[in-house]
């Protein structure tokens, strides 16, 4: 075993032992649920009953309808270990991270398949082609006057062409749906971008170069407008491709890049703020929900 | 034919979509097409998922390095697909209790809901939050005031970082009202108004023209990323 | 004069510093005073100025990925509206949004048990259809909304029985982290119908929405800092909230936030010192 | 449903009508002069209503005597005489007090409709109805006239680009300023070849219905061709199945164009997962294990940008990024060797190809920027002049036309 492996084994071993000791002592990570009976009657009057479990605080565990939930407790432990697994990438590639990565790619790709099937294929394709069939099992709430929309055969045909790739010959047919959607994207985006990002932004930049407020000249607002206009024009100058950045154009382009850098600096900081909040929320999950080290929301008072 | 037909399809659809914007009767074609796109993207998961399966199976069969992880990935994928498509643990909706297949596929308490809440979600949120670490390392390593531009970037970053916490008030709160605009929190707002907004605006105008030109190149057949070679 | 180890500092040390900067203030409950700024008070006053019984739309268009930044805002808005005895209409356009709304409902259930579902607040739930839903809801709510989240018909709920469209709201509150989100609510809802609206967004989104203040948006809360200031404004007005720990989530978060920001600044400064004093042989590109 | 619904509506209509008759005494004064015209520039699905407010609807009288106006409608049965009032009128919408117009968006083209408007008092008292005097029929317009100026502007920009392409094709010399990031692409691929390592190309996390992804694929075409010429390997992990499919076509064509179709391997383009961070974890894991010598990020990126770029930095790869997602640019600028900002990213494939007609589009884009700048300057001058006169005079009128008709169209 090389030194790296030894270090990892020791770290894992110590960590596991510490966790086991703490878990045995405090019951950390335990999740409690409140059982709620759900009664429902179908349109034919048949009665159905099942139990729904809502989250409960650990401090309520003495109450009669509150009980320890094994799947949710296990879930918190799994979530915590997956969190640590992802964090372990900070120390470099390691077996725990590889395992986490394999699990998360596998499950999230599978999740995408489920979402695609239940939220797109069933309602948007099957529901349009055969409404009675879909209403009979997957979407009883679908309006009863929903008619078959034959136009939905077009996307069905496009899907079949795309999947024809899997056939042993004629895979080129799958280029047709690709061509259809790339052409579509080009046409759609050409118009929408020109509208929202060109025309509207030009309109937003039009400002009076001398601001009069209540009949008096307002030097601050004037200065601000001039600065905004200069900044926009200089940044546009930076983006010119057919003019070499030299002379007057070079100076304008340099001002433009300065504006860009200030923009990036501000945007950098705002984003950093968000990331740090995320990290704080993540650590709070580990410290509060899992390790029971802190209790900012008073969920375990008196335990 | 193999290359001419798709080219015709792309060019025609593109021009029709442009025209549709100006013809009231065709205005909702864009929405309809977006709808179709979602269906195609869902169907394409068969190809993507199939490819994922194939690659992992190959790796396992060849016992190449890390095949164990490939097996884990394969099992997680298949298990998620199976549990999710079968709606394991999903209760019917309260108003249709006799329709067991009608419940929300990602309901709390269902198998897919558990996978989402305790496997996918924590890792996603963790990966998101790890950016705080990478940002710190980039700040130490890459943010060098080598020239005026870089200096501006990090100067702005520092002012905004401080201006958005109590540290800004602590450091510059003593400034008299006549110099009030120099206080970090006010300076932050000034930077936003005079630089960030126009800077973003100019970038946006450029992007719009870039998109127009890129789209035109596709509609003229100058760029054909969807066309393979003739030997297919 | 700069030691070699500093020049080639392993980035894992920096990771450790960042970890300590965020975790220690959290473990020890460090927090700092906040004074609500004018921009935050604009938002606060927009809600505080509403008469008892006014209708407020609460659109929560975010998911767990931005929960850390946005849920303190969502909770603060909810608490404020409950204190003011407003009628609340919750909804989300994000598939993963319903749990976010549920948190707000949990706050109502535990802190304002006298408020009843259906007459004081209603959860319209998740609706697919992106900005199209917004557009429709302002001409006729009942096109896309037939039932609430639990499947009850809107005709059986007191708050929605008489409601024709979202135009009848007295204020729109949208908390969002992307698209569809506050920008779409402004473009398709507030602006064309000349309605009052306030929004809460992540720091990343803020630059995109700033141009709408103050004409289309009465006010904007951006990032955790604004949420903390809002909580402070709320505590100043309703001192009983000072005893509710849950009402200080944002304020608590500002502790790690401040320490981490200072660390970032120190890292930038020290990185430059190493670079300039150390003969410019750093590993910068 | 439709028949049951119809019965319900008829009953409701009758109830409304009866209620109106009963509450007549308590009702406000009726609105008057109801005019219904076709809603312009639509597909014949809407009608516009205008009326005179009820005399009781005064802006500053409290308490209000009029709370709202109910809009009632009846579709005319073909050939049948239509009563001026009756149970067949159904409430289809309402307008608040002070509003004297309403657009009914739910009409069927070619059907004739009759309308009534009733003022409603806070207590529920209803006025007599103001009725339309003739049936209104929604008509479809073939062209949306409000988008005329927008269409003209778009046409001008497209023509400028086309003219520049034509000029380039005619062989006139074209000079473009250098963009360091694009000059480094060849060098990066070359270095990967020398080191015997792969190149990694990340086409972003969006699907092919995003222009950034499409533009990223056109860049992939050039990078893959260079790689094929150098005999270097390119790996393309994707986060969308359709992008995988499209990228395979792109790569195959690029290898064929380089004259080495046999070197193309389909497995070098593979799908990981749709989930943004699952994908990022997969790509970064791949990076630390395979240590590509050159990393290209061209497409739509969100929070994962820094994650990728910092990992690339750790393994010492040359990194070139391009995106139009402005919130992510600072991270690429900080962590990558070269970053193409916004429009530069869209210009990349033209630069890399070096073909005159492709470069022509760049000249066209420049002219578009000049057009934008000219509009901004002209508008600002008008806005300045418009402030001087008492009511602005012709400059203000010009500004209004520019803002509302030219730039406000579309």
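The values are calculated or read from the model by the stated rules, or taken from the named source; none is laboratory data. Small disclaimer: the values here were computed from a predicted structure and weren't measured. Cβ: placed from backbone, ideal geometry, glycine included. Neighbour counts: every protein chain shown.
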What are the residues in the stretch A:11-47 that are surrounded by 15 or more Cβ atoms within 10 Å (Cβ to Cβ), in a strand (DSSP E or B) and more than 34 Å from the chain's Cα centre (by Cα), if any? A:40
In the stretch B:87-119, which residues are assigned to a loop (DSSP other than H, G, I, E, B) and facing chain A (nearest Cβ under 7 Å)? B:91, B:94, B:96, B:97, B:98, B:99, B:105, B:109
In the stretch D:68-78, is there at least one residue being touching a helix residue (DSSP H, G or I) at 6+ places or on another chain (Cβ under 7 Å) and crowded, with 20+ Cβ neighbours inside 10 Å? no
Residue D:196: surrounded by fewer than 15 Cβ atoms within 10 Å (Cβ to Cβ), over 35 Å from the mean Cα position of the chain (by Cα) and more than 30 Å from residue D:63 (Cα to Cα), yes or no? yes
Give the stretch C:181-213 a look and list any residue that's away from chain A (no Cβ under 14 Å), in contact with a strand residue (DSSP E or B) (Cβ under 8 Å, 6 or more places away or on another chain) and either in a helix (DSSP H, G or I) or surrounded by 24 or more Cβ atoms within 10 Å (Cβ to Cβ) (or both), or say none. C:181, C:182, C:185, C:189, C:190, C:197, C:198, C:199
Restricting attention to the stretch A:170-203, and to residues there that are more than 7 Å from every other protein chain (Cβ to nearest Cβ) and modelled with pLDDT under 85, which single residue is farthest from the chain's Cα centre (by Cα)? A:170
Would you call residue A:248 touching a residue at least 12 places away in the same chain (Cβ under 8 Å) and assigned to a helix (DSSP H, G or I)? no
Out of the residues in the stretch C:214-243 meeting the condition of being under 18 Å from residue C:48 (Cβ atoms) and in a loop (DSSP other than H, G, I, E, B), tell me which one is farthest from the other protein chains (Cβ to nearest Cβ). C:238
Assess whether residue A:279 counts as being more than 10 Å from chain C (Cβ to nearest Cβ), closer than 28 Å to residue C:264 by Cα and either in contact with a helix residue (DSSP H, G or I) (Cβ under 9 Å, 6 or more places away or on another chain) or buried (at least 24 other Cβ atoms within 10 Å of the Cβ) (or both). no
Is it true that some residue in the stretch D:341-355 is more than 11 Å from chain B (Cβ to nearest Cβ) and at pLDDT 95 or above? no
Given (1) at pLDDT 90 or above; (2) at positive phi, identify the lone condition not met by residue B:14. (2)
Flagged in the stretch B:192-231 as assigned to a loop (DSSP other than H, G, I, E, B) and either at positive phi or facing chain D (nearest Cβ under 7 Å) (or both), in numbering order, are B:221, B:222, B:223, B:225, B:226, B:227, B:228, B:229, B:231
Unmet requirement for residue B:175, which otherwise passes all of (1) out of contact with any helix residue (DSSP H, G or I) (no Cβ under 9 Å at 6 or more places or on another chain); (2) in a loop (DSSP other than H, G, I, E, B): (1)
Out of the stretch B:25-72, which residues are part of a loop (DSSP other than H, G, I, E, B) and within 30 Å of residue A:152 (Cβ to Cβ)? B:27, B:28
Give the stretch C:156-168 a look and list any residue that's more than 16 Å from residue C:123 (Cβ to Cβ) and assigned to a helix (DSSP H, G or I), or say none. C:167, C:168
Only listed residue being assigned to a helix (DSSP H, G or I), touching a helix residue (DSSP H, G or I) at 6+ places or on another chain (Cβ under 9 Å) and under 30 Å from residue A:145 (Cα atoms), chosen from A:133, A:97: A:133
Given (1) facing chain A (nearest Cβ under 8 Å); (2) within 21 Å of residue A:132 (Cα to Cα); (3) at pLDDT below 85, identify the lone condition not met by residue B:128. (2)
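Residue-by-condition table, conditions (1) within 17 Å of the chain's Cα centre (by Cα); (2) surrounded by fewer than 18 Cβ atoms within 10 Å (Cβ to Cβ):
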residue	(1), (2)
A:91	no, yes
A:97	no, no
A:104	yes, no
A:107	yes, no
A:113	yes, no
A:118	no, no
A:127	no, no
May I ask you to list the residues in the stretch C:214-224 that are free of Cβ contacts under 8 Å to residues at least 40 places away in the same chain and buried (at least 24 other Cβ atoms within 10 Å of the Cβ)? C:217, C:222
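Yes/no per residue for (1) in a helix (DSSP H, G or I); (2) buried (at least 22 other Cβ atoms within 10 Å of the Cβ); (3) modelled with pLDDT of 95 or more:
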| residue | (1), (2), (3) |
| --- | --- |
| C:96 | no, no, no |
| C:100 | yes, yes, no |
| C:104 | yes, yes, no |
| C:109 | yes, no, no |
| C:113 | no, no, no |
| C:119 | no, no, no |
| C:124 | no, yes, no |
Helices (runs of 4 or more DSSP H) wholly inside the stretch D:296-410 containing at least 2 residues that are without any contact (Cβ under 8 Å) to a residue 24 or more places away in the chain: D:329-335, D:343-353, D:356-386, D:393-400
If you scan the stretch B:102-116, which residues turn out to be in contact with a helix residue (DSSP H, G or I) (Cβ under 9 Å, 6 or more places away or on another chain) and at pLDDT 90 or above? B:110, B:111, B:112, B:114, B:115, B:116
Residue count, the stretch C:28-56 (criterion: surrounded by fewer than 15 Cβ atoms within 10 Å (Cβ to Cβ), part of a helix (DSSP H, G or I) and within 11 Å of another protein chain (Cβ to nearest Cβ)): 2
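Here is a yes/no grid of residues against (1) within 24 Å of the chain's Cα centre (by Cα); (2) at pLDDT below 95; (3) within 9 Å of chain B (Cβ to nearest Cβ); (4) under 25 Å from residue A:116 (Cβ atoms):
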{"site": "D:200", "(1), (2), (3), (4)": "no, no, no, no"}
{"site": "D:209", "(1), (2), (3), (4)": "yes, yes, yes, yes"}
{"site": "D:222", "(1), (2), (3), (4)": "no, yes, no, no"}
{"site": "D:235", "(1), (2), (3), (4)": "no, no, no, no"}
{"site": "D:252", "(1), (2), (3), (4)": "no, yes, yes, no"}
{"site": "D:276", "(1), (2), (3), (4)": "yes, yes, yes, yes"}
{"site": "D:281", "(1), (2), (3), (4)": "no, yes, yes, yes"}
Filter the stretch B:120-150 down to the residues that are part of a helix (DSSP H, G or I) and under 29 Å from residue A:238 (Cα atoms) and list them by number. B:135, B:138, B:139, B:140, B:141, B:148, B:149, B:150
Given (1) surrounded by fewer than 24 Cβ atoms within 10 Å (Cβ to Cβ); (2) under 22 Å from residue B:126 (Cα atoms), number of the condition residue D:239 does not satisfy: (1)
Which residue pairs have Cβ atoms closer than 8 Å, lie 6 or more positions apart in sequence or on different chains, and pair a first residue in the stretch A:125-147 that is within 10 Å of another protein chain (Cβ to nearest Cβ) with a second residue that is modelled with pLDDT under 80 and crowded, with 17+ Cβ neighbours inside 10 Å? A:141/B:95; A:141/C:147
